[in-house]
Amino acid sequence: MDTAIDSGGLRLRGYLARPPATSGGPGLTRHGLVVCHGFPSGPGGAATAARTYPHLADRIAADAGWVVLTFNFRGTGESEGDFSLGGWVADLRAAVDYLLEVTDVDGVWLCGFSTGGSLALCAAGEDERVGGRRERRHPADPKRFAHHARTIGVVRDQAFPRDPAAWARELSDIRPIALIGKVPPR
């Protein structure tokens, strides 16, 4: 559903996706996710930033059962204002506030792409209300994950993987958040 978020007097265009009513009941724990777009580039630039994100939000809500908010940072899409990185930080805080105020989520996690991903990491580090990330060691259903990978075309060989459980466990070796501390002082 289309929504509006107030960020310091600016109206930001947003979209809120809720999981299907059949996926839960009273007392069900619901996670909230804010999805952040990156700095606009390519054809359409700022005007088309995050245009497909509502589809992504709907998919995550339906498949994972999360409440998902995506929005346009100031100066992009139909949101008011002009770009400033400090303004985008304020916009992300406003989006977290919005998700906590208008939904029945038990916590908020963030994800983002490009500049939005960097801001999500910063916000997760500074805002204690944000869970920051949700890591799963490997997909709960490796065969379903393999089927999905074939469906979207990243796995072409119908016999691959030979061992879906071992293949899915490879994901646990990729832990950017846990490894980020090894980067300094480089």
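How many of the residues making up the stretch 57-76 are under 18 Å from ARG30 (Cβ atoms) and surrounded by 18 or more Cβ atoms within 10 Å (Cβ to Cβ)?
Total meeting the criteria: 8.
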Of (1) surrounded by 14 or more Cβ atoms within 10 Å (Cβ to Cβ); (2) out of contact with any Asp or Glu (no Cβ under 7 Å at 6 or more places or on another chain); (3) of a type outside the set (S, T, N, Q), PRO20 satisfies every one except (1)
Limited to the stretch 39-62, what total is found for residues that are in contact with a helix residue (DSSP H, G or I) (Cβ under 6 Å, 6 or more places away or on another chain) and among the aromatic types (Phe, Trp, Tyr)?
-> 1
Go through (1) closer than 19 Å to ASP127 by Cβ; (2) touching a residue at least 24 places away in the same chain (Cβ under 8 Å) and name the single condition GLY77 misses.
-> (1)
Just need a number here: residues in the stretch 103-124 that are more than 16 Å from SER41 (Cα to Cα) and either of a type in the set (Gly, Ala, Ser) or touching a residue at least 12 places away in the same chain (Cβ under 8 Å) (or both).
-> 15
Please tell me if GLY8 is at positive phi and at pLDDT below 95.
-> no
How do the pairs read when you match residues in the stretch 156-176 that are closer than 14 Å to PHE145 by Cα and among the charged types (D, E, K, R) with residues anywhere that are modelled with pLDDT under 90 and in a loop (DSSP other than H, G, I, E, B), using Cβ under 9 Å and keeping only pairs 6 or more apart or on different chains?
-> ARG169/ARG137; ARG169/HIS138; GLU170/HIS138
THR3: passes all of (1) polar (S, T, N, Q); (2) part of a loop (DSSP other than H, G, I, E, B); (3) surrounded by fewer than 15 Cβ atoms within 10 Å (Cβ to Cβ) but (2)
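What helices (runs of 4 or more DSSP H) completely inside the stretch 67-170 contain at least 2 residues that are in the same structural domain as ALA49 (by TED's automatic domain parsing) and modelled with pLDDT of 95 or more?
Details: elements: 85-102, 115-126, 142-152, 164-169.
Helices (runs of 4 or more DSSP H) meeting the threshold: 85-102.
The values are calculated or read from the model by the stated rules, or taken from the named source; none is laboratory data. These numbers come from a predicted model, not from an experiment. Please note: Cβ atoms are built from the backbone with ideal geometry, for glycine as well, and neighbour counts cover all protein chains shown.
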